[in-house]
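Below: one structure, written as structure tokens.
The values are calculated or read from the model by the stated rules, or taken from the named source; none is laboratory data. Quick caveat: nothing in here was measured; it's all calculated off a predicted structure. Cβ coordinates were reconstructed from backbone atoms using ideal geometry, including for glycine residues, and neighbour counts include every protein chain displayed.
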Amino acid sequence: MAAPTIAQLIHQFETWAPPQWQADWDNCGWQIEPGILNDPARVLVCLTPTLAVMAEAIALQQAGTPVNLIFAHHPLIFSPLKAVTKGDPVGDMVRLAIAHGIGVYSAHTNFDQVADGTADVLAQLLDLHAVEPLTPTQPSVGYGRVGHLPQPCALETLLHQIQTQLQPPRLLYSPEANLQQSVQRVAVLGGAGASFLKDVARAQAQVYLTSDCKFHQFQEARDRGVVLVDAGHYATERPACDRLVTRFKEQRVAWVQLSDRDEDFRQFFNP
């Protein structure tokens, strides 16, 4: 079987995770398409399409690997562009993409909802059973996942498991939570998911793993009787990008690799 072209790869992906499923504020799909649809797909998968990832793709080209697609989770463009200028990060991405024949495609909130998407991979890493969407958008599809651990365990044990699986630089959890309390029902949602707290409480989850939580959202979680766990945006979504690499390999893509230049964008000072 011949390796898929970029057009074929994108068609297969969009059949599985249609961009029409995206949130109304989102911008999934092609960000930059420099006339490469009929080329065999050679894909660099990343969480965030940055100039560092573009430099990585160009360096791979120069080293003999003709990368022609950056497949990202986060969109490059959220608001309509009014200008493309040198020195502007988005403008420079557009200029470099066209100059080097490297497309940029985004699968964001559509990818969040599907099996093996961002939330589903988190549920698998925690070995959750009887898993269902936290906020269904259609049958068996939706934002987040909620399910049961194989056996009840102490909250501290679950936090160690999250730390081991995701390797976040810092793991935050609700104040006053008893580390020895027994927990079993867990909700997960990669990326910024604290706005789903009402659905978490409605699903009777005891623990909610997500990221980018604010001060008052920790307060709200406590008041709703939910232990809120923030592992960081990067740590909760990067595993699904790795899973995409596996998916593309199964589709016999000519070349695919997970970016080495993805970044957390945060450092924690430890004097």
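Computed values, structure above
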quantity	calculated
Search result, residues across the stretch 38-49 that are assigned to a loop (DSSP other than H, G, I, E, B) and either within 15 Å of the chain's Cα centre (by Cα) or surrounded by fewer than 17 Cβ atoms within 10 Å (Cβ to Cβ) (or both)	ASN38, ASP39, LEU47, THR48, PRO49
Tally, over the stretch 235-268, of residues that are under 16 Å from GLN8 (Cα atoms) and among the acidic types (Asp, Glu)	1
Matching residues, the stretch 210-230, being in contact with a Ser or Thr (Cβ under 6 Å, 6 or more places away or on another chain) and of a type in the set (A, V, I, L, M)	ALA221, VAL227, LEU228
In the stretch 177-221, residue farthest from GLY117 (Cα to Cα) [restricted to those that are surrounded by fewer than 21 Cβ atoms within 10 Å (Cβ to Cβ) and among the charged types (D, E, K, R)]	GLU220
Filter pass, ALA107 being in contact (Cβ under 8 Å) with a residue 12 or more places away in the chain, crowded, with 23+ Cβ neighbours inside 10 Å and on the phi < 0 side of the Ramachandran plot	yes
Matching strands (runs of 3 or more DSSP E) fully within the stretch 51-155 where at least 2 residues are in the same structural domain as LEU189 (by TED's automatic domain parsing), modelled with pLDDT of 95 or more and within 23 Å of the chain's Cα centre (by Cα)	129-138, 141-154
Total residues in the stretch 216-258, condition in a loop (DSSP other than H, G, I, E, B) and closer than 11 Å to GLY190 by Cα	2
Pick from the stretch 1-10, criterion out of contact with any strand residue (DSSP E or B) (no Cβ under 9 Å at 6 or more places or on another chain) and without any contact (Cβ under 8 Å) to a residue 60 or more places away in the chain, ranking: surrounded by the most Cβ atoms within 10 Å (Cβ to Cβ)	GLN8
Subset of the stretch 13-35 (residues that are crowded, with 16+ Cβ neighbours inside 10 Å and either in a helix (DSSP H, G or I) or not assigned by TED's automatic domain parsing to the domain that holds SER79 (or both))	PHE13, GLU14, PRO19, TRP21
Residue match in the stretch 185-195 (condition: within 20 Å of ALA221 (Cα to Cα), out of contact with any Cys (no Cβ under 6 Å at 6 or more places or on another chain), of a type in the set (Ser, Thr, Tyr) and in a strand (DSSP E or B))	no
